[in-house]
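Take a look at the structure below.
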Amino acid sequence: MHGHGSCAMGLEFAYDISDSLATPINMLEWLARHRQSVPCCLICREKLTVKAQNSQITTYFSHLPGSSCPTVTSSPPSGYINSLPKQKGAAAQARQFAHDNMMGVYMRMRDRVPSMRWAEFEEACTNARRLRVWDLVGLTPEYVSSVLLSCKDKFVISAPGAKEVAFFLEPNPQAGSFWSFPSARKRNLFEVEIKTGSLQLHPIDFRLAKGDILARVQTLLSP
Ligand SMILES: [Zn+2]
């Protein structure tokens, strides 16, 4: 068990089933413009229902009973990586970028989890190896810090108020399409609060997380 309780309150975002790009829509926008359509989960792509439609304060999207979404079950958040296309060494360039810019990648991950320790970074890299992240077809260096955040089942965000969160990359708009294909690239990193299931969207920063200070210092300390 990973603590993903069944007490999830529901989601604040969904996408319209007719939108092949799966653009995230918040509840107010949904009620204003998409009421007649079917909402789908940005993470598992299952159909959702709208709960408590007459009370805008507490209205939210909810999974149907028996959902296998990682936001309502105990399945590990990183499970989504298993279903993505892989080919041996396909993301070698991304792996090499992480290797050469370790500090930059670490600091970019800390933008989302300010208290992240080096041991947690190591755990994410260990899991990435086990999940064959560096064999993912279409994974480019721009995604390295986001995909590593999604390789660890949970992080603790300490302020304001401690909460346990998990990260996911949004699903590909079309199955098997490349991550960075111009119209279909993954644009958001989702942060899910494990206890409540509430969802936050973080647009991915596509600037490369450069940082070669460790390599430079190693050179300075070489014989
Ligand atoms: Zn879902």
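Over all pairs of different C-alpha atoms, segment 42-144 has a mean inverse distance whose reciprocal, the Kirkwood radius, equals 16.3 Å.
Once backbone amide H atoms are built at 1.01 Å from N, LYS86 has VAL137 as its partners under 5 Å, excluding neighbours fewer than 5 places away on the same chain. For the chain, the 222 nm mean residue ellipticity estimated from helices alone, with every DSSP H stretch of n ≥ 4 adding -39500 (n - 2.57) and the total spread over all residues, rounds to -6000 deg cm²/dmol.
When the Gaussian network model of the chain links Cα atoms closer than 10 Å, the mean-square fluctuations of GLN93, GLN36, GLN200 top out at GLN36.
Charge tally around LEU28: other residues with Cβ under 12 Å, Lys/Arg +1 each, Asp/Glu -1 each, net 0. Gyration tensor analysis over the Cα atoms of segment 76-223 returns equivalent ellipsoid semi-axes of 24, 21, 13 Å (largest first, whole Å). Going from the fewest other Cβ atoms within 10 Å to the most, the residues HIS202, HIS34 appear in the order HIS202, HIS34.
Each residue of segment 187-204 was assigned a 3J(HN,Hα) from its phi angle through the Karplus expression (A = 6.51, B = -1.76, C = 1.60, θ = phi - 60°), giving 10, 10, 9, 9, 10, 10, 6, 4, 6, 9, x, 6, 10, 10, 9, 10, x, 6 Hz with x at Gly and Pro.
Helix 102-112 and the long axis of the chain differ in direction by around 20°, with both axes built from C-alpha atoms. Compared with the dominant principal axis of the Cα atoms in the chain, helix 118-130 is inclined by about 80°.
Among residues other than HIS63 with Cβ under 12 Å from its Cβ, the summed charge is +2 (Lys and Arg +1, Asp and Glu -1). Database remark: amide H of LEU48 closer than 5 angstrom to the amide H of CYS40, CYS41 (H placed geometrically; neighbours at sequence offset of 5 or more, or on other chains; Pro and chain starts carry no H).
Values in this text are rule-based calculations from the coordinates and carry no lab data. As the structure is a computational prediction, the values presented were derived from the model and not from experiment. No Cβ is skipped: glycine too gets one built from the backbone with ideal geometry, and neighbour counts run over all protein chains shown.
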